[in-house]
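The values are calculated or read from the model by the stated rules, or taken from the named source; none is laboratory data. Owing to the predicted nature of the structure, the values given are computational and were not obtained by experimental measurement. Glycine also receives a Cβ, built like all others from the backbone with ideal geometry; neighbour counts cover every protein chain displayed. Heavy atoms of the whole protein, side chains included, go into the accessibility calculation; ligands, DNA and RNA do not. Shrake-Rupley method; radii C 1.70, N 1.55, O 1.52, S 1.80 Å.
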Amino acid sequence: MANIEHLALLQEGAVRWIEWRTKNLQIEPDLSDANLRGVNLRGANLKSVNLSKADLCQTKLISANFSNANLSSANLQEAQLIDANLREANLSLANFMAANLSLADLSYSNAIAADFRSSNLNGAVLINANLIGADFRAANLRNADFGDATLRRANLSDADLMAANLNNANLSHANLYEAELISAYLFKASLHKANLICAHLTGAYLREANLSESELYQADFRWANLTKAIFIRANLTKANLRGADLRGANLSEADLRGANLRGVNLSKANLEQANLADANFEDANLSKVNLHGAIMPDGTIHN
């Protein structure tokens, strides 16, 4: 439970709180289970504060400092967290639904199973964040930085990730159904067994990304950079890869039935035992491609 004295001070407003914290740096305030709904705490210093299970719904927390704070299971629905500092904070199971976190810093935070549905994280920084099982459905993640973040089993369906940085991110088993990833950066990202059905990746950068055994039915990869990407046993049926760069990519045992490969560069790619039935290879570069055992567009098996 919240310390009554600490709660009373905070309810007096951010200015009074900052004054008290400046004079009492050795104290780590306890505001667990506190009701702070709708309070204006703009710029408040809440570093290392215990706010677990606190109610911060619709609270104004613009530029507030939550670094190393404990916000586990806290309710921050519709809170204003623009430019807030949440570095290394414990955000596990926290509710950020419809919250505004644009330009916020969540680097190195622990946000396992946190709820970010319909939230605004435009330009937010989530470098090395632990986001296992987090829910980002329909969230605005444009220009967000997820570099080296762990997003295993995260739900990003219908999320807007245009121009987002996901370099080296772990998205294995993640749900990206119909996600917008146009011009996103996914260099060496792990998308093993991820769901990218109907996802939009036009112009995305996926060099050396791992998409093995992923679901890519009707995914849009037009003009994407897929050099040396791994698509082993991936489902690419009816995927649109027009103009994509697949030089050196590994598509062995991939299902490319009905895929659009018009104008793609498959130089030195591995398509061994891939299913290419009804695929369109018009104007494709197939120099030095390995097609051993592949089912060709006309149904014959290449030997």
**Request:** All but one of (1) part of a helix (DSSP H, G or I); (2) exposed (fewer than 15 other Cβ atoms within 10 Å of the Cβ); (3) in contact (Cβ under 8 Å) with a residue 24 or more places away in the chain hold for residue 1, so report the exception by its number.
**Result:** (1)
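Within region 114-124, identify whether any single residue is over 23 Å from residue 36 (Cβ atoms) and not charged (D, E, K, R), and answer yes or no.
Applying the first criterion (over 23 Å from residue 36 (Cβ atoms)) to region 114-124 yields 122-123.
From the residues that got through so far, the ones that are not charged (D, E, K, R) too are 122-123.
Yes, that holds for at least one residue.
Filter region 82-99 for residues that are open to solvent by less than 30 Å² (accessible area, probe 1.4 Å) and either over 22 Å from residue 2 (Cα atoms) or in contact with a Phe, Trp or Tyr (Cβ under 6 Å, 6 or more places away or on another chain) (or both) and give the result. Walk me through it before giving the result.
Initially, region 82-99 is screened for residues open to solvent by less than 30 Å² (accessible area, probe 1.4 Å), giving 84, 86, 89, 91-92, 94, 96, 99.
Residues satisfying the conditions are 84, 86, 89, 96, 99.
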**Prompt:** Inside region 197-229, can you point out the residues that are in a loop (DSSP other than H, G, I, E, B), surrounded by fewer than 24 Cβ atoms within 10 Å (Cβ to Cβ) and not charged (D, E, K, R)?
**Reply:** 197, 198, 202, 203, 212, 217, 218, 223, 227
**Fill in**
Per the list (1) crowded, with 18+ Cβ neighbours inside 10 Å; (2) touching a helix residue (DSSP H, G or I) at 6+ places or on another chain (Cβ under 8 Å), residue check on residue 66 breaks on (2)
**Item:** residue 42, sole failed condition from (1) buried (at least 23 other Cβ atoms within 10 Å of the Cβ); (2) of a type outside the set (Gly, Ala, Ser); (3) modelled with pLDDT under 95; (4) under 18 Å from residue 120 (Cβ atoms)
**Value:** (1)
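Scan region 100-126 residue by residue and report those that are of a type in the set (Ser, Thr, Tyr) and either open to solvent by 10 Å² or more (accessible area, probe 1.4 Å) or more than 12 Å from residue 146 (Cα to Cα) (or both).
The first filter runs over region 100-126 and keeps only residues of a type in the set (Ser, Thr, Tyr), leaving 102, 107-109, 118-119.
Hits for region 100-126 are 102, 108, 118, 119.
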**Fill in**
Scanning region 281-303 for residues that are crowded, with 16+ Cβ neighbours inside 10 Å, closer than 21 Å to residue 228 by Cα and not small (Gly, Ala, Ser) gives 281, 285, 289, 290, 291
